[in-house]
């Protein structure tokens, strides 16, 4: 059943809308005081993500505060490797850490696709809880990290500046990395399908680190596995199409490639020129993006001006599809009032582009 | 006077060469044990950079070890803001820090173009010392950070993940940032001209953080100032042309813009497709790059294969110009033997592309 406000889904499917829909990556996050309160109640980030009720609570917070056109499941991209038994924890100020990074042939061999129903039940439970709480007002987005992005964290054991361990594996033992990526791709497919079956009405694949590769490596180690996932996802559920968004940061140079991976929409960071991007994909996919998240630290007039620039860049929507978003997750120090201004300007100014 | 091996200069000027020249960003660095020995002798990174004799010693180390086609002045990109009195220091594991970051109107007002002869004499002295020690074997490259990249460090007070302070200034007080960039551009022009007068035979402008901007901001806050610098640089010195290389990381999407900034060559990181890049600039500039520095952690065969791929991508040189380089500074953990393999393969394999 379509949600009351299905503008976001229509934009992804390149159907006629009344205005340009907007949601923000990491919209349920630390820039909201109510999020911090719930997180404190949970005790830790992982406990927050693993409690369906609390995950539901924070998912709805930005949606209650702002007129956003979609909610996104509150979770972490590293739930899959955690479910594989790598031992995820979050060290304050250092980001995610895995107790058992994947480095050797032996480490790769013992990796298995996790049983979603068992070890990731908290995620599908959260999806169901959120869908109920949303009362079908707006659609819910499910998500996962891409196989390559998950591999980056799994091999490095956490964040990295240069992906030295991952790339050493790539340039010395490519077949080992492929085996790891195969397990990841199968896991992500099952995971996203489980989210869809539980009620996610669109899904986004975050290929956060694909942009650190050369073009041949991006095709071989990242895009190929994204294509594999998309070909294995439910195309429709409950009689409704389930659009897929692929977001690779820093990948403007590969836009044509990504546009043909089977996704309905491609996310762009703020370094892309949206007008050129649109002409390059020739409206064969919708585009999502692409405001610099730091614009939200600007004056009200500047926020409105930059929002209009993004909408102007995309142009008259016609047979295209544009979902307004930031080009990256919202910064934790963003003043919430800035989001209100942004949402207002996007909704107001974009109407003329949809007549 | 042209150096005995002027292949690098000829490639930048798109003149006929016998093979593709190669140098590596950060070629004098921590991956070399002899560098670490000299650095230990100096006591600190800044003392190393500020001693013309020791700076000369480390500049020559990679040139003695490998058959590189150019030497690059050993220095730091933050010498200019240090000379402006911002108090540069290096904290182990944290990178550069400024005691007095530039945040307010008052901070910007008191900034002045430093007297190069006085406060940056150690750099021009190093250039002269290195030129003598090189005995005209290969050319010496001088360099500077771009005005925007310097501003990033000056406003943030050090490294940053999101450039929140810089971008807050950009989106709230653009005129203030422009004033700062004006001072930086004038300083960089004087600094690079002083390096040229002291013997630098080519110069590179490192626009390391320009790629964190949106396209309109990149044009307004970075590229405009690079153009200003280039128009103020000595075109020739001692009867010889002095080519300029501009390297903006993560800027493939703006290649056409950068190619028309007045530089003779554009540096590309490893995410660019060199064949497409070349056709986009239609041989109006030389291109420099663009191997993933992490390839040097691969097997010998993989290093040779990836080096050949870059050369194949550029193609038969004809009226173009290609300088082989990494797409970023060499990683500190790189095995030096890998560099030897790379230089060998580039020199050997590229000959056929220059017939």
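The table for this structure:
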quantity: Listing of helices (runs of 4 or more DSSP H) fully contained in segment A:8-93 that carry 1 or more residues being touching a strand residue (DSSP E or B) at 6+ places or on another chain (Cβ under 8 Å) and surrounded by fewer than 23 Cβ atoms within 10 Å (Cβ to Cβ); calculated: A:45-50, A:52-65
quantity: Residue check for residue B:317: crowded, with 21+ Cβ neighbours inside 10 Å, over 17 Å from the mean Cα position of the chain (by Cα), more than 10 Å from chain A (Cβ to nearest Cβ) and more than 25 Å from residue B:30 (Cβ to Cβ); calculated: yes
quantity: Residue match in segment B:233-248 (condition: in contact (Cβ under 8 Å) with a residue 24 or more places away in the chain, under 16 Å from residue B:325 (Cα atoms), within 17 Å of the chain's Cα centre (by Cα) and not in a strand (DSSP E or B)); calculated: no
quantity: Members of segment B:94-103 found to be in a loop (DSSP other than H, G, I, E, B) and crowded, with 17+ Cβ neighbours inside 10 Å, listed by number; calculated: B:101, B:102, B:103
quantity: Residue tally, condition closer than 18 Å to residue B:204 by Cβ, more than 9 Å from every other protein chain (Cβ to nearest Cβ) and either modelled with pLDDT under 95 or crowded, with 24+ Cβ neighbours inside 10 Å (or both), over segment B:275-298; calculated: 5
quantity: Flag if residue B:106 is in a helix (DSSP H, G or I), over 26 Å from residue B:211 (Cβ atoms) and out of contact with any helix residue (DSSP H, G or I) (no Cβ under 8 Å at 6 or more places or on another chain); calculated: yes
quantity: Filtered residue count, segment B:208-230, keeping only those that are closer than 28 Å to residue B:129 by Cβ and surrounded by fewer than 24 Cβ atoms within 10 Å (Cβ to Cβ); calculated: 2
quantity: Residue in segment B:268-284 that is closer than 30 Å to residue B:169 by Cβ and under 15 Å from the mean Cα position of the chain (by Cα) present; calculated: yes
quantity: Residue ID - farthest from the other protein chains (Cβ to nearest Cβ), chosen from residues in segment A:170-181 that are more than 13 Å from residue A:101 (Cα to Cα) and in contact (Cβ under 8 Å) with a residue 60 or more places away in the chain; calculated: A:179
quantity: Residues (crowded, with 19+ Cβ neighbours inside 10 Å and under 18 Å from residue A:247 (Cα atoms)) located in segment A:321-355; calculated: A:321, A:322, A:323, A:324, A:325, A:326, A:327, A:328, A:330, A:331
quantity: Segment A:160-189, residues that are within 30 Å of residue A:130 (Cβ to Cβ) and crowded, with 19+ Cβ neighbours inside 10 Å; calculated: A:181, A:183, A:184, A:185, A:187, A:188, A:189
quantity: Odd one out for residue A:113 among (1) surrounded by fewer than 16 Cβ atoms within 10 Å (Cβ to Cβ); (2) touching a helix residue (DSSP H, G or I) at 6+ places or on another chain (Cβ under 6 Å); (3) closer than 22 Å to residue A:174 by Cα; calculated: (1)
quantity: Residues of segment A:258-274 satisfying the condition of being within 14 Å of another protein chain (Cβ to nearest Cβ) and assigned to a helix (DSSP H, G or I); calculated: A:258, A:274
quantity: Hey, residue A:235 in contact with a helix residue (DSSP H, G or I) (Cβ under 6 Å, 6 or more places away or on another chain) and away from chain B (no Cβ under 14 Å) or not; calculated: no
quantity: Set B:150, B:166: member being within 14 Å of another protein chain (Cβ to nearest Cβ) and part of a helix (DSSP H, G or I); calculated: B:166
quantity: Residue A:141 part of a strand (DSSP E or B), under 22 Å from residue A:116 (Cβ atoms) and away from every other protein chain (no Cβ under 14 Å); calculated: yes
quantity: Some residue of segment A:299-313 being surrounded by fewer than 23 Cβ atoms within 10 Å (Cβ to Cβ), within 9 Å of chain B (Cβ to nearest Cβ), without any contact (Cβ under 8 Å) to a residue 24 or more places away in the chain and not in a helix (DSSP H, G or I); calculated: yes
quantity: Residue ID - farthest from residue A:272 (Cα to Cα), chosen from residues in segment B:170-201 that are outside any helix (DSSP H, G or I) and in contact with a helix residue (DSSP H, G or I) (Cβ under 6 Å, 6 or more places away or on another chain); calculated: B:199
quantity: Criterion violated by residue A:157 - all others in (1) more than 14 Å from every other protein chain (Cβ to nearest Cβ); (2) buried (at least 21 other Cβ atoms within 10 Å of the Cβ) satisfied; calculated: (2)
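The values are calculated or read from the model by the stated rules, or taken from the named source; none is laboratory data. All values reported here derive from a predicted model rather than from experimental measurement. Quick reminder, even Gly has a Cβ in these numbers, built from the backbone with ideal geometry, and neighbours come from all protein chains shown.
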